[in-house]
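Down below is the structure, laid out as structure tokens.
The values are calculated or read from the model by the stated rules, or taken from the named source; none is laboratory data. This is a predicted model, so every value here is computed, not measured. With ideal geometry, Cβ positions are generated from the backbone for all residues, glycine too; neighbour counts draw on all protein chains shown. In case anyone asks, the SASA skips ligands and DNA or RNA and just uses the protein heavy atoms, side chains included. Shrake-Rupley method; radii C 1.70, N 1.55, O 1.52, S 1.80 Å.
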Amino acid sequence: MMDALEKVEKELKKPLMRNDKKGMAVLLAEFDKINQKLGIRKEDLPKYEEQLELKIAKAQLEELKMDAVEAMETQRKRAREFDRDPNFYEIFRKMHVKKADDQFVDNKSQMIADLVEERVIAASQPVEGSMDFQPIDYDLIYLETIGGQKKQQVYGIGLKGVAFCSSSRASSSSVTAAVDEAVE
């Protein structure tokens, strides 16, 4: 089909534009010639399109299935490693700290870790006027530190962030409010 387009553009001596009715008619005629050589009738085209769309959908579904299986295996591995579901900050550290020297892979990762740790310390202080401590939600503190979700992703935590973004907990306003409440 690209050969047909190149052939038509060569005949026209200019790039083919969608609004060029004459050029598009020439291109469609060229497509008809190709289809005729291949033994494809014009009335069979919708059937072939449907079959192609079905094949594409099946391939996409298979890819999603593989991604889901990988995410579940990773989640099980992490849960075994921590003896519970790890929080976002633990996942972030696992993914951004070099095993060899226990250093962060880059300055941005180090900066995020420092900010999260500052917020955790602030949130772990007793409630003013009493000795009661509020439970710390590490996930919310991490999300607030990195600025919440962007484009249905959470920075730095891989597939766990995709799953979180699809849950109802992920709204940035609830994240901000909860972290502000925990930090105060």
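Brief remarks follow.
- Out of 59, 29, sole residue that is over 38 Å from the mean Cα position of the chain (by Cα), modelled with pLDDT of 90 or more, among the hydrophobic types (A, V, I, L, M, F, W, C) and open to solvent by less than 100 Å² (accessible area, probe 1.4 Å): 29
- Of note, residue 1 does not satisfy the criterion of being of a type in the set (A, V, I, L, M) and within 30 Å of residue 91 (Cα to Cα).
- Annotation for the range 82-101: no member residue is of a type in the set (S, T, N, Q) and either open to solvent by 90 Å² or more (accessible area, probe 1.4 Å) or part of a helix (DSSP H, G or I) (or both).
- Test for residue 47: is it open to solvent by 60 Å² or more (accessible area, probe 1.4 Å) and within 21 Å of the chain's Cα centre (by Cα): no
- Residue within the range 25-36 that is part of a loop (DSSP other than H, G, I, E, B) and either touching a Pro at 6+ places or on another chain (Cβ under 8 Å) or among the small types (Gly, Ala, Ser) (or both) present: no
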